[in-house]
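Read through the structure below, which is laid out as structure tokens, and then see the notes.
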Amino acid sequence: MDIFCANCGEPWDVSSVAEVRHGQDTDPAWKLNRSGYPLNCPCCPKGKDGKPKMQEKKSPRAKAAAIVADLLGDDIDGAACLLEDGEFLGLMNDDY
């Protein structure tokens, strides 16, 4: 199952994020909130300083990811299930 970056909307496997949370992946592009949900990822566009740039206009996936991260906190598996249901229902399409 996947969860999405709350900045760019890029899908990430739950196990990849678990590796970041437990210190096994030390890529500095990752930025997690207090609960361990990805706010930035290696796929986020970079600014002039090389750091991930916050998106002005977020995709429906990124918006949903940010909301789910606030609602479920550190329940990454629950977040993945909820986001998968939202995708199945078509709630994350650009035309929604």
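So which residues in region 34-57 are within 12 Å of the chain's Cα centre (by Cα) and at positive phi, if there are any at all?
G36
Consider region 54-85. How many of its residues are more than 18 Å from A18 (Cα to Cα) and touching a strand residue (DSSP E or B) at 6+ places or on another chain (Cβ under 6 Å)?
Here the count works out to 1.
What number of residues within region 1-59 satisfy the criterion of being assigned to a loop (DSSP other than H, G, I, E, B) and of a type in the set (A, V, I, L, M)?
Residues meeting the conditions: 4.
Output the qualifying pairs, or none if there are none: Cβ atoms under 8 angstrom, residues six or more apart or on different chains, first residue in region 35-63 and more than 20 Å from L91 (Cβ to Cβ) and modelled with pLDDT under 80, second residue assigned to a loop (DSSP other than H, G, I, E, B) and among the polar types (S, T, N, Q).
P52/N7
When region 73-86 is examined, which residues are found to be surrounded by fewer than 19 Cβ atoms within 10 Å (Cβ to Cβ) and either touching a Phe, Trp or Tyr at 6+ places or on another chain (Cβ under 9 Å) or not acidic (D, E) (or both)?
G73, D74, G78, C81, L82
For a quick check of your reading of the model, give me the residue pairs whose first member lies in region 80-93 and is outside any helix (DSSP H, G or I) and small (G, A, S), whose second is surrounded by fewer than 18 Cβ atoms within 10 Å (Cβ to Cβ) and modelled with pLDDT under 85, with beta-carbon atoms closer than 9 Å and at least 6 apart or on different chains.
So the pair list comes out as G90/Y96.
Which one is surrounded by the fewest Cβ atoms within 10 Å (Cβ to Cβ), of the residues in region 1-33 that are over 12 Å from the mean Cα position of the chain (by Cα) and among the charged types (D, E, K, R)?
Among those residues, the one meeting the criterion is D27.
The values are calculated or read from the model by the stated rules, or taken from the named source; none is laboratory data. Model, not experiment: these values are computed from the prediction. When we count neighbours, we look across all protein chains shown, and the Cβ atoms used for this are built from the backbone with ideal geometry, even at glycine.
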